[in-house]
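Below you'll find the structure, written out as structure tokens, and then a few comments.
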Amino acid sequence: MADKSLEYLYSLGLKFIPNGRNCIAKCDNYNLDILFLRDDDIPKYVERGVADFGIVGENVVLEQNSRVKILKKLGFCFCSLVIAVLETSRIDRIYDLEGRRIATSYPELLKAFLEEKRITAEILTLEGSVEIVPSLDLADGICDLAQTGKTLKDNNLKSIATILDSQAVLIQSPFLTNRSIKTFEMLFSNNLMPVL
């Protein structure tokens, strides 16, 4: 997402040079700083007013139930949060997961989905590499992001449900200052289509 986010910021006319050793880049033509943060941290910085705006995956905002406003879907970094099982599994539909174990890095979104479908399953929360879990017999299925499906295929997995489709979004802090409102108007007003 980093490269596409930089392309988007440059398309707004911002001039800055990212420095791999520094998490802050000064903008040459506007009175603002660009912060380079881990995806999972971006909503926290924006929610608390440390940053006025952020670019992050919609899935991250929803998983954290972040109190930020989604201003615009940016049209890049498309992916889907899916439930997948081994291709050789007898599990063919989500209701077959009743009483089973599902590994994920997105426990909140998975929990809400299972509750909506009235499925009781154990959620095993992992930080990454969940695609290997079914082949190690640690869980019956996974809930993970898929872009092209190649990683699923490479790990002999098949998708049986899509929880949500996601993409990069522009988010806004609930604590905007007068300075940030003016920055917003200068940078985004001509390019912005609000999310309804």
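Readers should treat all values here as calculations from the given coordinates under stated rules, not as data from a laboratory. Just so you know, these numbers come straight off a predicted model, no measurement behind them. Counting neighbours? That spans all protein chains shown, and the Cβs are built from the backbone with ideal geometry, glycine included.
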Q: Pull out the extension gain between residue 78 and residue 118, defined as 0.36 nm times the separation in residues minus the alpha carbon to alpha carbon distance; nm, one decimal.
A: 11.6 nm
Q: With a ≥ b ≥ c taken as the square roots of the eigenvalues of the C-alpha gyration tensor of the stretch 84-127, please select rounded if a/c is under 1.5 and otherwise prolate if a/b is larger than b/c or oblate if it is not?
A: oblate
Q.
Could you work out the relative contact order of the chain? I mean the mean sequence separation of Cα pairs under 8 Å and 6+ apart, divided by the number of residues, in percent.
A. 30 percent
Q. Whole-Hz Karplus ³J(HN,Hα) for the stretch 5-21, in order, using 6.51 cos²θ - 1.76 cosθ + 1.60 and θ = phi - 60°, x for Gly and Pro?
A. 5, 4, 4, 5, 4, 5, 5, 7, x, 6, 10, 7, 10, x, 10, x, 8
Q) Within straight cross-link reach of residue 153, meaning Cα distance under 19 Å, which lysines are found once same-chain residues fewer than 8 apart are removed? A) none
Q | Under 5 Å, built H, 5+ apart or other chain: amide partners of residue 56 | A | 169, 171
Q) What trypsin sites (Lys or Arg not before Pro) in the stretch 1-109 are in a loop by DSSP, with at most 16 other Cβ atoms within 10 Å of the Cβ? A) 15, 21, 38, 48, 67, 90, 93, 100
Q.
Taking 35 Å as R0, compute the FRET efficiency from the Cβ-Cβ separation of residue 111 and residue 36 and round it to 0.05.
A. 0.70
Q. Hey, with R₀ at 25 Å, roughly what FRET efficiency would residue 162 and residue 67 work out to, going by the Cβ-Cβ distance, to 0.05?
A. 0.45
